[in-house]
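Structure first, commentary second.
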Amino acid sequence: MEEKYSPKDIEQKWQMSWEKEKTFKAIVNNDKKKYYLLEMFPYPSGRIHMGHVRNYSIGDVIGRFKRMRGFNVLHPMGWDAFGMPAENAAIQNKSHPATWTYENIDYMRKQLKKMGLSYDWERELATCDLDYYRWEQQIFLEMYAKGLAYKKTSFVNWCPKCETVLANEQVEDGGCWRCDSEVNLKELDQWFFKITDYAEDLLENTYNLPGWPERVLVMQRNWIGKSFGCEIDFPIENTIESIRVFTTRQDTVFGATFMSLAPEHPMAMNITTTDRMADVSAFIEKIKKTDRIKRTAEDFEKEGVFTGSYCINPLTKARMPIFLANFVLMDYGTGAVMAVPTHDQRDFEFAKKYDLPLKVVIKPADVDLDPATIDQAFTDSGIMVNSGQFDGMQSDSAKEAIADFLQAEGHGAKTVNFRLRDWGISRQRYWGNPIPVIYCDSCGVVPVPEKDLPVVLPKDVAFTGEGGSPLALMESFVNCTCPVCGKAARRETDTMDTFVQSSWYFLRYCCPDFQDGILDREQVDHWMSVDQYIGGIEHAVLHLLYARFFTKVLRDLGHTNADEPFINLLTQGMVIKDGSKMSKSKGNVVDPDALITRYGADTARLFSLFAAPPEKDLDWNDQGVDGSFRFLNRIWKIVHENLDAIKAASPVNIASLTTEERNLRRAVHKTIRKVTEDVEERFHFNTAIASVMELLNTLQASSCDSAAVMKEALESVVQLMAPFVPHITEELWQRMGNCVPLSDTSWPEYDRNAVIDEEVLVVVQVNGKLRSKVTVAVDTGEEELKALAMADEKVLLFTEGKTVRKIIYVPGKLINIVVG
RNA sequence: GCCCGAAUGGUGGAAUUGGUAGACACAAGGGACUUAAAAUCCCUCGGCUUAACAGCUGUGCCGGUUCGACUCCGGCUUCGGGCACCA
């Protein structure tokens, strides 16, 4: 009586074995090529979800495959453990964020272990561990010393529900990325990281990351938003001051007829004349009250107010009235725009509304433009007109010429401008990494000296859920002495954005226990960069940009020599059920625990890998899971049916194989080749698994009774499936009589001789349409094959009475007879 | 508006360099085994025509290149994603 496939027992057995044998412990070994594999670490929200199952299954296939291919694999796991849900849960349950977080971690670690993932658990870290965040405080201090961390007062995005600040990257469609509440503007004194210093490096290197999906790189380039243009000074009439604008369209400067300033522009009030003061103040007040989202919507009505002052167009010497305009943004360029109503749609609408002059300076090649009759701005390139010595030039080349001219005349300079803003990292929350800074009335901002680190997040805090950060209310934390003068001082109570922790965890994984500094250079130099990073596309800009920035900062601070954190990036699709993303509110959530209890981890892994290639969305289908379970049972059964034969079998004797045996071996070795290519080069696990299914079908249909060939075939099936379903294959491998665990064996190599076809199927077309198929010996000559095809009776039906014009021959594939 | 991506049976998907469209699986239908059910196994399975052999047609739509197009080119449609009063 044959034993039934019982995932529960064998999965536990092998998980314990791997743990005991430290199978996946990563140690520096210069005899092997290193391979650093990483999946985005999870937020410990309570339980893992299907997205995790998929993400980590994909990673595990790659990890186990690379290991069997002879790489020294580093595959760590940890927890992105600071963040608001912990704090909210604490308020609700009257528990402590740390308790909540560590309990969740314990539970989720068990869940992940039940999946049989090949992690080196000894490197596990949680970002809320003092041993982790203390080094991050040190990074902060080193950045502060270099001017890469600085404080400034500015208008920041404020989420009223989370009661904290958000970075630009964390505002999506005007809402908070986490809770969706409408974000408004608040003027606050905040800490920033100077990511703009790295804008050029970050942009430039997007062209140096061939292993990243193009769309992610495009998104990052858009976000960085580099544009080439000019800064031009427009002297203010009757003063010695001038207004500096940034423009990418210096070719239209002869058409600039007025000036638009952002309402927040520092010169706004200074240049306003007494008679215009009332109107201008009213306008500025109104804009302050309008929220930013509405204000920056494209269909928002363009509005402005005249300041009473004029500036002078440096090239035409024309008097240009200076307006404040609601669509001009203070935080892009210089906060001032030279208005060219004829060649910019916004300026056009503004000019029409306030009856301002229009002057055409670029026209299409074939027609003239009349400012009196045009109904929209002409924004294309064209021929220069009304532009002095530049008339007749192509506007594209005039851009260069005018820039040079402005520069030579001292009116301006060529410049580049970035859309990227500095990263605001202050968060008015408790459950985060304290910013290690002290405020002293005498000495000002004083960084906490290195010897006083870490600034420990105090545990005994009251969570009321009201009045902002609990840290600010805690006198024992706030009150301190100034490290410089020794007088009483106050501690910074803001904590760092949680994206800071995820910006360098992959570096710390290289040396999680290092106690003498931020990073152990030797370890980091050995393992970095991450060879393969895997995670969701939703971090295309946020996390993936911050992590690149941090890597470059840490490089410049001398902690790593890596320029880029992630060589290859795989962005996996979402897990969908019944047409939409799994969510509690839609009631379409599949619980990984229930799935694993019912079918085992191998089935859960197999289905999530088989149903779609990694980068596509995966449509969850309960019946499909049954199918995967069925397939594992078939493997289980066929191996057991052949167990005695396998154990008794001698090695394959290639010289004495029958045709049937050679055919079966060919199928086996072609499958080895196919699976190897699909996994190694394309990460197309679905087709790799399909080809093993095909082989199993062939095997079951075969009448081959050679124990040697059967053994080779079944051992191959088991080895090829090992990265996908590690438990069942490990068990079968052992039952087949192998002493070395499957995870310690080498990946099978296909036999180049075995895959050579003896016969080929050649498709015969007439005028490109399939008419017949012939199977011929592989060495059949071209002429012989053509004759055979021509004589084929199905072919004759379509060629009879017609002239053969030509015959296309693709060796081993097809013959196309062209008749007419 | 700009930039990316996608569209293939009832469903998920395959076709890797321009060479048999629909691999593999799910669902469905039929059959075997069983007292019965489950499990398992076998057969059918894009559409139309046909008793059958077979033929025609078919990869979002319209054209083009080619002996040959899911694949390349031009033009559209729909859906998804990103950016957007960015000067």
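The values are calculated or read from the model by the stated rules, or taken from the named source; none is laboratory data. Because the structure is predicted, anything quoted here is derived from the model rather than measured. Cβ sites come from the backbone with ideal geometry, for glycine too, and all protein chains shown count toward neighbours. When the accessible area is computed, the model is the full protein with side chains, heavy atoms only, and any ligands, DNA or RNA have been set aside. Shrake-Rupley method; radii C 1.70, N 1.55, O 1.52, S 1.80 Å.
Among the residues here, A:Ala612 qualifies as within 16 Å of RNA strand B (Cβ to nearest atom) and part of a loop (DSSP other than H, G, I, E, B). Looking only at segment A:766-820, residues that are under 22 Å from A:Ile756 (Cβ atoms), within 14 Å of RNA strand B (Cβ to nearest atom) and open to solvent by less than 60 Å² (accessible area, probe 1.4 Å) come to 7 in all.
Taking segment A:204-238 as the range and being touching a residue at least 24 places away in the same chain (Cβ under 8 Å), hydrophobic (A, V, I, L, M, F, W, C) and open to solvent by 20 Å² or more (accessible area, probe 1.4 Å) as the test, the residues that pass are A:Met219, A:Trp223, A:Phe228. Residues satisfying the criterion are present in segment A:165-177 (criterion: over 21 Å from the mean Cα position of the chain (by Cα), modelled with pLDDT under 95, more than 16 Å from RNA strand B (Cβ to nearest atom) and crowded, with 21+ Cβ neighbours inside 10 Å). Here A:Ala98 fulfils each of the conditions (1) assigned to a helix (DSSP H, G or I); (2) crowded, with 24+ Cβ neighbours inside 10 Å; (3) among the small types (Gly, Ala, Ser) apart from (2).
Residues that are within 25 Å of A:Val216 (Cβ to Cβ) and polar (S, T, N, Q) within segment A:606-627 comprise just one, A:Ser608. The combined condition, being more than 15 Å from RNA strand B (Cβ to nearest atom) and out of contact with any strand residue (DSSP E or B) (no Cβ under 6 Å at 6 or more places or on another chain), is fulfilled by A:Pro364.
Under the condition of being in a strand (DSSP E or B) and within 10 Å of RNA strand B (Cβ to nearest atom), the residues counted in segment A:239-253 number 3. Checking the structure you have, find out if any residue of segment A:507-521 is under 30 Å from A:Gly468 (Cβ atoms) and surrounded by fewer than 23 Cβ atoms within 10 Å (Cβ to Cβ). No, there is no match, as no residue in segment A:507-521 is under 30 Å from A:Gly468 (Cβ atoms) and surrounded by fewer than 23 Cβ atoms within 10 Å (Cβ to Cβ). With respect to A:Ala149, determine if the residue is open to solvent by 40 Å² or more (accessible area, probe 1.4 Å), among the aliphatic types (A, V, I, L, M) and modelled with pLDDT of 95 or more. Criteria not met by A:Ala149. With respect to the conditions (1) within 28 Å of A:Val500 (Cα to Cα); (2) out of contact with any Ser or Thr (no Cβ under 8 Å at 6 or more places or on another chain); (3) in contact (Cβ under 8 Å) with a residue 60 or more places away in the chain, A:Val590 lacks only one, and its number is (1).
Among the residues of segment A:79-88, which ones are surrounded by fewer than 24 Cβ atoms within 10 Å (Cβ to Cβ) and modelled with pLDDT of 95 or more? Passing the criteria: only A:Asp80. Residues that are open to solvent by less than 50 Å² (accessible area, probe 1.4 Å) and among the aromatic types (Phe, Trp, Tyr) were ranked within segment A:307-328; the one that is nearest to RNA strand B (Cβ to nearest atom) is A:Phe327. Among the residues of segment A:329-348, write down those that are within 24 Å of A:Arg419 (Cα to Cα) and either open to solvent by 40 Å² or more (accessible area, probe 1.4 Å) or among the β-branched types (Val, Ile, Thr) (or both). Scanning segment A:329-348 gives A:Leu329, A:Met330, A:Asp331, A:Tyr332, A:Thr334, A:Val337, A:Val340, A:Gln345, A:Arg346.
So for segment A:529-538 (the condition being within 16 Å of RNA strand B (Cβ to nearest atom) and closer than 25 Å to A:Ser426 by Cβ), does at least one residue qualify? Yes. Do you know which of the residues in segment A:723-765 that are in contact with a strand residue (DSSP E or B) (Cβ under 9 Å, 6 or more places away or on another chain) and of a type outside the set (Val, Ile, Thr) is surrounded by the most Cβ atoms within 10 Å (Cβ to Cβ)? Ranking the qualifying residues of segment A:723-765, first place goes to A:Gln765. Being open to solvent by less than 30 Å² (accessible area, probe 1.4 Å), part of a helix (DSSP H, G or I) and touching a residue at least 40 places away in the same chain (Cβ under 8 Å) is true of A:Leu471. Remark: pairs (first residue in segment A:187-199, outside any strand (DSSP E or B); second residue open to solvent by less than 10 Å² (accessible area, probe 1.4 Å) and among the β-branched types (Val, Ile, Thr); Cβ separation under 7 Å; 6+ apart in sequence or on different chains) = A:Ala199/A:Ile224. From the list A:Arg662, A:Arg598, A:Arg634, the one residue that fits, being near RNA strand B (Cβ under 10 Å from one of its atoms), open to solvent by 30 Å² or more (accessible area, probe 1.4 Å), in a helix (DSSP H, G or I) and farther than 18 Å from A:Asn55 by Cα, is A:Arg634. Which members of segment A:675-715 meet the condition of being among the basic types (Lys, Arg) and buried (at least 21 other Cβ atoms within 10 Å of the Cβ)? The answer is A:Lys711, and nothing else. Contact map, segment A:53-77: residues that are among the hydroxyl-bearing types (Ser, Thr, Tyr) paired with residues that are open to solvent by less than 10 Å² (accessible area, probe 1.4 Å), Cβ distance under 6 Å, separation 6+ or inter-chain. Pairs shown: A:Tyr56/A:Glu39; A:Ser57/A:Arg605; A:Ser57/A:Ser608; A:Ser57/A:Leu609.
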